[in-house]
1. Kindly write out, for the stretch 284-294 in residue order, the coupling ³J(HN,Hα) from the Karplus curve 6.51 cos²θ - 1.76 cosθ + 1.60 (θ = phi - 60°), rounded to whole Hz, with x marking Gly and Pro.
2. Hey, any idea what the orientation-averaged projected area of the convex hull of the chain's Cα atoms comes to, in nm²?
3. Tell me whether the stretch 12-103 comes out rounded, prolate or oblate; compute the Cα gyration tensor, take square roots of the eigenvalues as a ≥ b ≥ c, and use a/c under 1.5 as the rounded threshold.
4. Would you pull out the residues with amide H under 5 Å of Val298's amide H, same chain only if 5 or more places away, H placed 1.01 Å from N?
5. Which pairs in the list Lys247/Lys441; Lys20/Lys61; Lys247/Lys400; Lys12/Lys318 are over 29 Å apart, alpha-carbon to alpha-carbon?
6. Suppose a student asked you for the relative contact order of the chain, using Cα pairs under 8 Å spaced at least 6 residues apart; what percent would you report?
7. Calculate for the chain the 222 nm mean residue ellipticity that helices alone would give, adding -39,500 (n - 2.57) per DSSP H run of length 4 or more and normalising by residue count, nearest 500 deg cm²/dmol.
8. Just need the relative contact order of the stretch 172-292 here, percent rounded to a whole number, with Cα pairs under 8 Å and 6+ apart.
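No lab work stands behind these numbers, since they all come straight from the coordinates. Computed from a predicted model, the values in this text were never measured in an experiment. Here the Cβ positions follow ideal geometry from the backbone for every residue, glycine too, while neighbour counts run over all protein chains shown.
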Amino acid sequence: MFPYKEIERNSKIIIYGAGKVGTSFYSQISDNNYCKIVGWIDSNYVNIKKNAHISGPEILKDNQLQYDYIVVAILSKTISDEVALNLVEMGIAIHKIWTPYLLDCDSFIFKEKKLKELKPQVIAENTIAFLVDSLCLKDWKGKNIIFLMNSVCEMGYSLVIYSLEFVEEGIHEELLREMGISYDVVCVNYMGDMHEHSIIFTTSTRTTEEAKKNKEKFGEIICFVQEYEAYKFPRNEGYYRCEEMLKNDFIYLCLGEWCEYKVKKKANGRVRHINFLADYESFARRRFKTVSKESILVYCNPNENNICYKIILKALRKVKDAISDIDINIFGVDAFNDGEYDYTIRNLKMLEDAEQRAQVFTDTTLGIICSGNACPSYTYEMMMCGCPVLDINTSKALIKYGNRSENVMLAEYNVDAISDLILESLSNYSLLQTQSNEAQKWSKKIIMSNEEVKEYLQSFLRY
């Protein structure tokens with residue numbers, strides 16, 4: 001039977017093995033579409049004539065396939081462990097390999113070599129570690145993680161970053177520069193084991209699960225919670241894994257009061273919140289509009305709010321019908337299929353530069369966010385730049401805005417309600433101006449400057 005309890009629905013998988021077990025797995029998933037099979041491999045593929053879709057393991061070396069798990073469909077423990085070891089030696093992270101047996105990570109000699117790459121001077125009491133899913137930290141959550149990392153370094157702590165996603169030798173430093181970390185930090189590919197650290201920050205449910213396996217090695221585990229992850233899943237295994245993560249006796253450092261409110265209802269550990277992080281100087285500085293034309297800017301991340309952003313864009317079709325010369329812009333995603341919509345949508349992509357982002361926000365007439373299971377820091381950056389914000393009224397949304405209706409416009413979750421509120425606000429200059437002024441004053445109080453973050457962390461990290 002396929003391991004349904006251990007492989008999440010809709011995962012991208014590669015089946016390793018084309019014997020009876022592998023064939024059975026392939027048939028099951030082909031019939032029920034529980035996962036997406038992106039590859040089927042077997043070391044003896046040359047002699048297997050029954051299926052032209054089977055490839056050899058070497059296809060993994062060129063990173064041709066994007067996948068979440070390699071499912072080793074081999075009943076022999078000896079052969080299964082040998083396959084797992086070969087996969088790891090090819091650079092595939094352990095957490096991406098499923099076998100029918102519990103892997104004895106200590107038997108993988110390669111792991112010790114990776115851990116010895118850590119510089120001796122950072123294995124000390126004042127070492128703080130971060131465990132991340134990937135070193136590609138370009139979205140708003142990644143920017144906040146980087147903000148904390150830099151603050152930790154500026155406070156004089158030694159920093160070690162463990163990555164679940166395998167990174168080739170020599171690439172770590174390049175990624176760190178792209179992330180904006182200029183300090184001397186150590187990066188390690190996580191291979192199932194970790195060194196001792198005074199404190200480790202986890203950054204997701206997956207990273208918390210891995211840190212828990214090594215918990216005796218840390219003085220404290222701090223879960224940096226930026227979103228209520230359970231809301232990203234229906235009531236399936238993913239949902240319950242996220243809820244289970246909150247039942248540990250860890251510290252949960254939540255981004256904002258709404259996240260703290262949600263986590264406190266479930267968590268067994270200590271729950272605190274940190275106010276929102278941003279390049280305060282860039283967004284708090286007074287700026288002037290460089291364009292006179294009205295425009296709407298939507299934070300659009302299909303990976304976070306797939307249904308929500310589509311409803312917003314359908315609502316904007318009605319807005320465009322009523323105000324034909326208004327500009328509709330989106331940001332937050334590199335590639336966008338505008339062919340789905342019969343009106344012009346301009347993609348500003350990621351807006352990674354803070355100065356550029358601040359000017360775009362200043363020039364925008366109305367910003368639209370679907371905060372859902374989190375509240376992106378972009379929301380408060382918009383407000384600091386004087387851009388009034390419209391959000392969707394879901395799950396106690398007003399808590400995200402200081403419980404003050406003067407700070408945000410909240411629309412009910414349907415096309416007509418969203419389009420009606422947008423048109424009402426655009427036709428009422430006084431309303432927009434009041435919203436802009438109130439939100440700007442409030443947001444400047446809750447966005448933490450670099451010095452405030454360090455002061456907060458200093459009191460927080462006493463151990």
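1. Once θ is set to phi - 60°, the couplings for the stretch 284-294 become 7, 5, 5, 10, 10, 5, 10, 9, 9, 6, 6 Hz.
2. 23.4 nm²
3. Note, shape of the stretch 12-103 comes out rounded.
4. So Val298 has HN proximity to Asn329, Ile330, Phe331, Ile368.
5. Lys247/Lys441; Lys12/Lys318
6. 10 percent
7. Taken over the chain, the calculation gives -10500 deg cm²/dmol.
8. Taking the mean separation of contacting Cα pairs over the length of the stretch 172-292, I get 17 percent.
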